[in-house]
Amino acid sequence: MDAKLGIGLFLCVVWVMSGNATDPCGSQPDESDLNVIPVYSKCSPFKPPKADSWDTRIVDMASKDPLRVRYLSTLLGQKTVSAAPIASGQAFNIGNYIVRAKLGTPGQLLFMVLDTSTDEAFVPCSGCTGCSDTTFSPKASTSYGPLDCSVPQCGQVRGLSCPATGTGACSFNQTYAGSSFSATLVQDSLRLAADVIPNYSFGCVNAISGASVPAQGLLGLGRGPLSLLSQSGTNYSGVFSYCLPSFKSYYFSGSLKLGPVGQPKSIRTTPLLRNPHRPSLYYVNFTGISVGRVLVSFPSEYLEFNPYTGSGTIIDSGTVITRFVEPVYNAVREEFRKQVGGTFSSIGAFDTCFVKTYENLAPPITLHFEGLDLKLPLENSLIHSSAGSLACLAMAAAPDNVNSVLNVIANFQQQNLRILFDTVNNKVGIAREVCN
């Protein structure tokens, strides 16, 4: 039986004019009233199959429910899990995580860095000065289109450089992790796993200065108007999550899940806060840190969320190791050293390194959020020297700059966890998930 026909049969009801005194199934003289009646009632023009009892007919009609439910599911938007694979950036000699994406028609494969604190996506385009060998070719895509200064998206990009008059190309300049680049805002189809987002606006990079701009581009997962969530409209209901595999893994075993389908059913959550002055960032209410069984003591003002100063704590996929404001980090470091004992040395950003044989003395570190405690496994709190003889506390003090008031929960501490962002219900969820 055809699915649409089945739906029509079991849900069909007949509309007739209200009855009068002589004929209960007849019309009112002014034809002003309508009644809804069962499909096989006495007033219905449809007659039930002969020899069928009432309960037999109900069973028969109910047997067509799966067709109806299947049809209803097509009206819900997202039906299946949308998951794009994630890997560590070891193959590209970077400390970030990369997602496999395709741009254009036909799709051109790019390994883009995943960044929850940036809105705009950008990729190196053919002819780019200072870029890597792997670039996106606009000429090879049939769905590519330039954007000029008159379009709304152009006014939403940072570092805009448009002429005072006219409608020239939407050009902009930005810095990223100490490097800079110039780009033109364009649009094309973006494919993540099986999903295609048409007319996706991104920066087509034409020149780079410095070595820290991601070689094959960046996918912005922030909360601003040019982020993936914003440009995908209602497709993903403001929800995404990721599981970052271990830094030791070279495989695309992690995943970026887009939309509410396939997300953990049971997950602990903490409120997601919004800073109107830094709207792209995912702020959370971070309340304290325990080293072993000791709740580290420091003034609570160092963790308090303040939208005017920018202080507080964010969860970020682009920073490698967690950074605490200096007084907080110093207090954590001293308690950690006290419990481990022995002699400590420094390696680069890590100032609490010790002989690996003492690793069994290293206390666990627990991050406390409003409504949620996260006890880090050793893999997420200790990093080892390349020779393997030293273990270091994988945290540091925030740099002494504009971000010195900001605590950052970084990607090293997020390994093998499912981090869920729900921007509609304003919550962040964290659940254990081994995705190595």
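Quick look at the numbers
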item: Ellipsoid semi-axes in whole angstrom, largest first, where each is sqrt(5λ) of the Cα gyration tensor of the stretch 82-256; result: 25, 19, 15
item: Contour minus Cα-Cα distance for Y251 and S150 (0.36 nm per residue); result: 32.1 nm
item: If the convex hull is drawn through the Cα atoms of the stretch 213-268, its volume per residue in Å³; result: 135 Å³
item: Normalised contact order of the stretch 264-432, rounded percent, pairs of Cα under 8 Å and 6 or more residues apart; result: 31 percent
item: Area accessible to solvent at S230, 1.4 Å probe radius, in Å²; result: 50 Å²
item: Gained length - Q339 relative to N199, 0.36 nm times residue gap less alpha-carbon distance; result: 44.9 nm
item: Ordering of 329-339, 312-322, 277-287 by packing [mean C-beta count within 10 Å, highest first]; result: 312-322, 277-287, 329-339
item: Magnitude of the charge dipole, the stretch 82-256, Cβ model with Lys/Arg +1 and Asp/Glu -1, debye to 20; result: 220 debye
item: Local electrostatic count at G238 - Lys and Arg +1, Asp and Glu -1, tallied over other residues with Cβ under 12 Å; result: +1
item: Segment A349-T105, extension gain: residue separation times 0.36 nm, minus the distance between their alpha carbons; result: 83.5 nm
item: C-alpha center-to-center spacing [the stretch 92-168, the stretch 233-298] in angstrom; result: 26 Å
item: The stretch 264-432 - charge dipole about Cα centre, Lys and Arg +1 at Cβ, Asp and Glu -1, debye rounded to 20; result: 480 debye
item: Per residue solvent-accessible surface (Å²) - the stretch 264-432, probe of 1.4 Å; result: 44 Å²
item: Nitroxide proxy distance, nm - points 7 Å out along Cα→Cβ at S297 and N426; result: 3.4 nm
item: Sequence of C392, C128 from largest to smallest accessible area, 1.4 Å probe; result: C128, C392
item: Ordering of 144-151, 81-88 by burial proxy (mean other Cβ atoms within 10 Å per residue, highest first); result: 81-88, 144-151
item: Segments 217-228, 114-125, 242-253 sorted - mean Cβ within 10 Å per residue, highest first; result: 114-125, 217-228, 242-253
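The values are calculated or read from the model by the stated rules, or taken from the named source; none is laboratory data. What you see is a predicted model; the values in this text were computed from it and never measured. FYI the Cβ positions are ideal-geometry reconstructions off the backbone, even for glycines, and counts take in every protein chain you see. Only protein heavy atoms, including side chains, enter the accessible area calculation; ligands, DNA and RNA are left aside. Shrake-Rupley method; radii C 1.70, N 1.55, O 1.52, S 1.80 Å.
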